[in-house]
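**Q** Sending over a structure as structure tokens; questions will come in a sec.
The values are calculated or read from the model by the stated rules, or taken from the named source; none is laboratory data. Computed from a prediction, not measured in an experiment: that's the story for all the values here. Here the Cβ positions follow ideal geometry from the backbone for every residue, glycine too, while neighbour counts run over all protein chains shown. Keep in mind that these areas ignore ligands, DNA and RNA; they rest on the heavy atoms of the full protein, side chains included. Shrake-Rupley method; radii C 1.70, N 1.55, O 1.52, S 1.80 Å.
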Amino acid sequence: MKTEILTLLRESEDYVSGQELCNRFGVSRTAVWKVMNQLKEEGYVIEAVQNKGYKLKENPDVLSLSELKSRIHNRWAGNTVYFYEETGSTNIDAKRLAEEGAPHGTVVVADKQNAGRGRRGRVWQSPSGKDIYFTLLLRPDFEPDKAAALTLVMALSVAQAVEGSCAVQAGIKWPNDIVVNGKKVCGILTEMNVEPGYIQYVVIGVGINVNLEDFPEEIVKTATSLLLESKAEWPRAELLQSVLKCFEDNYEKFLRTHDLTDIKEEYTKHLVNCNREVRVLDPKGEFEGIARGINAAGELLVETEKDKIVEVYAGEVSVRGLYGYV
Ligand code: BTN
């Protein structure tokens, strides 16, 4: 009932009468009053006026199951949602839930992770109350070799949502770091369970630095937050819903061809490395060239000499700008 009341309050321009809520949910006035008090305790500013009812005056940055459920209205992405105040890693939770049979589109969200994982075995700092940590579970019905490109689908979705919601320009550093003003605001860790010729499930873990103000010394030059770049705080649940919505749309485009044909142009528009000199750190041998975009498989196209294009597969390779992180 809390989620439904929150949704009603948010969607109503006017006061919502207490009696109407009692009738709708078949509960007493006291029960409604208790829910209002719970919401107030969570930080919502709710005005109660006699003979008029209740009105949501302010929706602060609350991350809770009710807040998420009252925001997420998609065809499938996030229709099943788990929320943890604190967990080890949402990727690990999502993999466990996948093994237990959780459906395609399940989302696991945490306010804090105490064992947040980054790519290449790194730690992802995940303090509470500031950032977004979530993992989306997918059960794709296509060949396993196509799945690596899903991480680029998520990168594009985060970039679009950040631009749509947070008044900043978001770029993508191939394959899947989101950058604002040359610094990283989001990382993505995709993992999958694959049988020969068949994908059991894919989990896409996303960490977005939203309202964090201080970064550890080792990453302060390359990492930032949406708050630091836009000088404003952003409600995390709203941004998360926006990412899920964008992902749902982009994923459905991906499904038409099982590759990035329909979204590679949009991805390339956000590609901060595009037409810049890059160094490709390939374990088989480093080389330099000019990044020219991506192909439908999500490989980076690097021009090493006039008209000679090398297709770089993300796997073991990483790419650096010649003059800094981007
Ligand atoms: C990177 O190194 O750039 C990827 C970071 C991915 C972090 C996210 S936070 C939510 C999910 N759970 C994890 O443990 N990692 C991912």
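**Q** Does region 289-298 contain any residue that is out of contact with any Leu (no Cβ under 7 Å at 6 or more places or on another chain) and among the polar types (S, T, N, Q)?
**A** No, there is no match, as no residue in region 289-298 is out of contact with any Leu (no Cβ under 7 Å at 6 or more places or on another chain) and among the polar types (S, T, N, Q).
**Q** Now a separate question. From the list Gln200, Gln113, pick out the single residue that is surrounded by fewer than 22 Cβ atoms within 10 Å (Cβ to Cβ) and not basic (Lys, Arg).
**A** One residue alone meets the criteria, Gln200.
**Q** OK, next. Is one or more of the residues making up region 47-65 part of a helix (DSSP H, G or I), out of contact with any Pro (no Cβ under 9 Å at 6 or more places or on another chain), surrounded by 12 or more Cβ atoms within 10 Å (Cβ to Cβ) and of a type in the set (S, T, N, Q)?
**A** No, region 47-65 has no match at all.
**Q** Test Glu191 against the criterion of being over 22 Å from Glu233 (Cα atoms), within 13 Å of the ligand (Cβ to nearest atom) and either in the same structural domain as Val220 (by TED's automatic domain parsing) or open to solvent by less than 20 Å² (accessible area, probe 1.4 Å) (or both), and give yes or no.
**A** Working: over 22 Å from Glu233 (Cα atoms): yes; within 13 Å of the ligand (Cβ to nearest atom): yes; either in the same structural domain as Val220 (by TED's automatic domain parsing) or open to solvent by less than 20 Å² (accessible area, probe 1.4 Å) (or both): yes.
Against the criterion (over 22 Å from Glu233 (Cα atoms), within 13 Å of the ligand (Cβ to nearest atom) and either in the same structural domain as Val220 (by TED's automatic domain parsing) or open to solvent by less than 20 Å² (accessible area, probe 1.4 Å) (or both)), Glu191 qualifies.
**Q** State the number of residues belonging to region 88-119 that are polar (S, T, N, Q), in a loop (DSSP other than H, G, I, E, B) and within 8 Å of the ligand (Cβ to nearest atom).
**A** The total comes to 1.
**Q** Among the listed residues Thr30, Thr3, identify the single one that is of a type outside the set (Phe, Trp, Tyr) and touching a residue at least 60 places away in the same chain (Cβ under 8 Å).
**A** None of the other options fit; the residue is Thr3.
Residues checked against (1) more than 23 Å from Asp131 (Cα to Cα); (2) not in a strand (DSSP E or B):
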site	(1), (2)
Gly205	no, no
Ala237	no, yes
Arg256	yes, yes
Thr304	yes, no
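**Q** Going through Gly121, Gly105 one at a time, which residue ends up being small (Gly, Ala, Ser) and open to solvent by 10 Å² or more (accessible area, probe 1.4 Å)?
**A** Going through Gly121, Gly105 in turn, just one is small (Gly, Ala, Ser) and open to solvent by 10 Å² or more (accessible area, probe 1.4 Å): Gly121.
**Q** Looking for something near the ligand (Cβ under 10 Å from one of its atoms) and either at pLDDT 95 or above or over 15 Å from the mean Cα position of the chain (by Cα) (or both) - is there at least one such residue anywhere in region 67-87?
**A** yes
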